[in-house]
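The values are calculated or read from the model by the stated rules, or taken from the named source; none is laboratory data. Given the structure is predicted, the values throughout are model-derived calculations rather than measurements. Neighbour counts run over all protein chains shown; Cβ positions are idealised from the backbone, glycine included.
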């Protein structure tokens with residue numbers, strides 16, 4: 001059954017869209033990732049204009065983050081103070097990102113920047129995850145790995161001003177650090193059409209030193225507002241948010257996420273991570289191939305100046 | 001079957017109405033309005049008519065003009081990057097031409113350029129003047145890309161004739177057809193001159209809630225953005241409740 005998408009201005013199979021939402025939802029449920037970094041490239045692969053894919057995916061992530069954060073909130077796994085500092089950075093970054101998006105689009109380079117961002121970030125994350133899962137799958141023979149980790153390690157970042165106490169995260173650090181992370185992830189969220197959890201979560205663990213229990217809930221909390229900001233600004237500046245497409249994707253997505261969560265609890269962690277690494281690297285490889293391979297027609301029709 | 005009935009209707013119409021009988025060519029469309037609704041996957045419209053004099057028939061259907069930029073990729077450090085671009089004013093958003101014979105046998109190119117008959121005779125003027133040899137590949141690329149999208153087409157011999165006087169051709173609109181005011185023109189050409197021409201308007205519009213979504217997205221973007229967020233917040237909340245109970 002075909003359905004006409006009013007903003008993307010194309011006809012697509014309704015079951016394909018629901019299936020994509022469901023499939024990415026299952027993966028996000030299994031791995032605890034948002035799935036934006038898989039959905040946006042998939043939408044572009046099926047012919048949705050990149051500008052519409054990015055803006056619409058931001059809208060969908062609002063919904064999936066809300067349903068995710070409620071579960072974490074009930075368990076008290078959200079550091080609201082940290083979330084708000086990250087959020088301030090996120091709003092600044094995503095507002096700048098949407099502006100940058102419009103500028104790049106007018107220059108005719110937005111597709112390139114979207115693709116390059118995906119290749120770089122998916123490549124780095126995929127390789128890191130692949131290494132980690134291979135290392136954990138190998139027999140844990142290498143001695144000396146049981147070095148005790150200190151509660152806090154002190155780097156130069158601890159000398160930054162505006163120190164703040166984050167009780168739930170058990171941290172006393174400069175507010176500039178989460179603010180900066182928020183800005184960077186906000187820019188990426190706007191340009192790549194992702195929530196940014198896949199960058200935020202490692203940054204919170206390794207750069208901020210937050211306890212892993214509060215990381216996912218706090219990152220989801222701030223993603224809601226950052227993607228809402230992206231949705232609003234994309235709608236106002238570029239009119240590229242397709243609510244019908246977003247609704248179809250999120251319908252499949254929320255159901256898939258529940259299935260995925262149940263599946264995930266039955267599978268083994270390191271194999272899961274290896275599987276996710278393969279998926280991430282496959283998407284990365286496809287985008288890279290499209291950038292490097294000789295196009296069938298070097299000419300294309302750009303954005304229409306109405 | 002349907003087309004046959006329409007042609008018969010056209011025949012009857014031309015038999016019984018005096019003034020129309022006098023025109024060398026009469027033509028009409030099976031529809032004047034195409035509605036893009038949620039199930040829209042493209043549509044065909046039948047153009048039919050009667051011709052009273054000898055000559056070649058050419059049908060041209062044209063969509064609203066728009067400004068289009070055509071970009072050319074080049075290789076930079078192994079990656080294909082958009083490098084050069086030319087903007088064209090007033091490129092038709094849709095263009096279809098059908099004729100009974102190859103167009104260059106019917107009329108000279110200069111003549112066709114005057115009436116914009118034929119994909120090689122479209123008046124595509126760059127918004128910034130550039131040397132002709134630089135513009136030409138971009139112009140060809142625009143036509144080629146639009147043909148690939150199904151928005152430009154030329155079909156020779158797609159004109160059906162019933163006896164010598166009645167004709168019909170099918171005009172195909174793909175799912176990605178742009179909205180707006182279209183024009184279907186029928187030319188009767190003899191010895192390189194237009195003997196008679198007839199123009200029929202055609203409108204393509206989104207309807208129902210698709211129209212509303214599109215209308216609000218462009219006319220009330222702030223409200224649209226806020227509603228999109230509220231819908232997403234509500235959907236996420238509903239999902240969280242539904243699956244907690246389950």
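Quick notes on this one:
- Flag set for residue A:264, criterion: in contact (Cβ under 8 Å) with a residue 40 or more places away in the chain and closer than 20 Å to residue A:68 by Cβ.
- Against the list (1) free of Cβ contacts under 8 Å to residues at least 40 places away in the same chain; (2) farther than 27 Å from residue A:55 by Cβ, the condition residue A:301 fails is (2).
- Given (1) modelled with pLDDT of 90 or more; (2) within 30 Å of residue A:298 (Cβ to Cβ), index of the condition residue B:104 fails: (1)
- Counting only residues that are within 14 Å of chain A (Cβ to nearest Cβ), part of a helix (DSSP H, G or I) and out of contact with any helix residue (DSSP H, G or I) (no Cβ under 7 Å at 6 or more places or on another chain), the range B:114-158 holds 14 of them.
- Failed item, numbered, when residue A:257 is tested on (1) over 16 Å from residue A:28 (Cβ atoms); (2) within 14 Å of chain B (Cβ to nearest Cβ): (1)
- Residue within the range A:66-75 that is surrounded by fewer than 21 Cβ atoms within 10 Å (Cβ to Cβ), farther than 14 Å from residue A:218 by Cβ and at pLDDT 90 or above present: no
- With respect to (1) surrounded by 21 or more Cβ atoms within 10 Å (Cβ to Cβ); (2) in contact (Cβ under 8 Å) with a residue 12 or more places away in the chain, the lone exception for residue B:116 is condition (1).
- Residues of the range A:256-296 satisfying the condition of being in contact with a strand residue (DSSP E or B) (Cβ under 9 Å, 6 or more places away or on another chain) and assigned to a loop (DSSP other than H, G, I, E, B): A:293, A:294, A:295
- Residues that are within 14 Å of chain A (Cβ to nearest Cβ) and touching a strand residue (DSSP E or B) at 6+ places or on another chain (Cβ under 7 Å), drawn from the range B:160-209: B:173, B:174, B:175, B:176, B:177, B:179, B:180, B:204, B:205, B:206, B:207
- Single condition residue A:302 does not satisfy, out of (1) more than 14 Å from every other protein chain (Cβ to nearest Cβ); (2) more than 17 Å from the chain's Cα centre (by Cα); (3) surrounded by 12 or more Cβ atoms within 10 Å (Cβ to Cβ): (1)
- Among the residues here, residue A:43 qualifies as closer than 20 Å to residue A:240 by Cα, modelled with pLDDT of 90 or more, more than 9 Å from chain B (Cβ to nearest Cβ) and part of a helix (DSSP H, G or I).
- Considering the range B:55-101, the residues that are more than 7 Å from every other protein chain (Cβ to nearest Cβ), modelled with pLDDT under 90 and part of a loop (DSSP other than H, G, I, E, B) include one that is surrounded by the fewest Cβ atoms within 10 Å (Cβ to Cβ), namely B:77.
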